[in-house]
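K.L.:
Below is one structure. I have some questions about it.
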């Protein structure tokens, strides 16, 4: 049972446009959500996070939105750059635990 | 460079064998996490150690075990290997026990295991 789902395995966006990556979750007990970026032959690197008490967090070109009623998380990248081409994982943490659940990832390709 | 190191980078072995994967966390980090990523799968949480003690367990098979040593490095032991154990194994570390909001995990480059 996949509790954190990234339904789009891949996404292509033109350079300079907005990239929107989506993530859905099923468990109301998640209290903290993160996005990681992964380049080939490297481990995932932390990108941005959001606590369940917020609905938006922004860091430069990256913004994460949380819609708790819809159990939906999205990552916006504006403007998209070719260097953003990577696999993006969303992750959620069970409240009061150290257990993180990761999605299956979305491969973003930014076209120059 | 995340500061987390993993050895070896690649490992090829046969079914029924046993292997040990090694992880050194970032300097000062007390928690180590192990994850498995199979083809087209997300990262599956296996186990967490905090300051030498097991803290949380995920979908870790009984054939797998781990430990964290006094110098905080960790080893993941995989035994009686099966073809399906072929995967990328990632280690991550964090400063504390991972329950703090805002705490981030830092991942190593992974060990790619191929069981033939």
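K.L.:
In the stretch B:1-29, which residues are away from chain A (no Cβ under 14 Å) and free of Cβ contacts under 8 Å to residues at least 40 places away in the same chain?
P.N.:
The one that is away from chain A (no Cβ under 14 Å) and free of Cβ contacts under 8 Å to residues at least 40 places away in the same chain: B:27.
K.L.:
Taking the stretch B:68-111 only, how many residues are more than 9 Å from chain A (Cβ to nearest Cβ), surrounded by 15 or more Cβ atoms within 10 Å (Cβ to Cβ) and either touching a helix residue (DSSP H, G or I) at 6+ places or on another chain (Cβ under 7 Å) or touching a residue at least 60 places away in the same chain (Cβ under 8 Å) (or both)?
P.N.:
7
K.L.:
Which condition from (1) more than 9 Å from chain B (Cβ to nearest Cβ); (2) over 24 Å from residue B:93 (Cβ atoms) is the one that residue A:30 breaks?
P.N.:
(2)
K.L.:
Looking at the structure I just gave you, is residue B:65 surrounded by fewer than 18 Cβ atoms within 10 Å (Cβ to Cβ), touching a residue at least 12 places away in the same chain (Cβ under 8 Å) and part of a strand (DSSP E or B)? Give the derivation first.
P.N.:
Numbers: surrounded by fewer than 18 Cβ atoms within 10 Å (Cβ to Cβ): yes; touching a residue at least 12 places away in the same chain (Cβ under 8 Å): yes; part of a strand (DSSP E or B): yes.
For residue B:65, the condition - surrounded by fewer than 18 Cβ atoms within 10 Å (Cβ to Cβ), touching a residue at least 12 places away in the same chain (Cβ under 8 Å) and part of a strand (DSSP E or B) - is met.
K.L.:
Can you tell me how many residues within the stretch A:76-85 are closer than 24 Å to residue A:7 by Cβ and either more than 12 Å from the chain's Cα centre (by Cα) or within 11 Å of chain B (Cβ to nearest Cβ) (or both)? Step through it out loud before you land on a result.
P.N.:
Within the stretch A:76-85, the subset closer than 24 Å to residue A:7 by Cβ is A:76-78, A:80, A:84-85.
So of that shortlist, the ones also either more than 12 Å from the chain's Cα centre (by Cα) or within 11 Å of chain B (Cβ to nearest Cβ) (or both) come out as A:78, A:80, A:84-85.
Of the residues in the stretch A:76-85, 4 are closer than 24 Å to residue A:7 by Cβ and either more than 12 Å from the chain's Cα centre (by Cα) or within 11 Å of chain B (Cβ to nearest Cβ) (or both).
Conditions (1) assigned to a loop (DSSP other than H, G, I, E, B); (2) at pLDDT 90 or above; (3) surrounded by fewer than 21 Cβ atoms within 10 Å (Cβ to Cβ), marked per residue:
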position: B:1; (1), (2), (3): yes, no, yes
position: B:16; (1), (2), (3): yes, yes, yes
position: B:22; (1), (2), (3): no, yes, yes
position: B:27; (1), (2), (3): yes, yes, yes
position: B:36; (1), (2), (3): no, yes, no
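The values are calculated or read from the model by the stated rules, or taken from the named source; none is laboratory data. Treat the numbers as computed from the prediction; the structure is a model and nothing was measured. In this analysis, Cβ positions are derived from the backbone assuming ideal geometry, glycine residues included, and neighbour counts consider all displayed protein chains.
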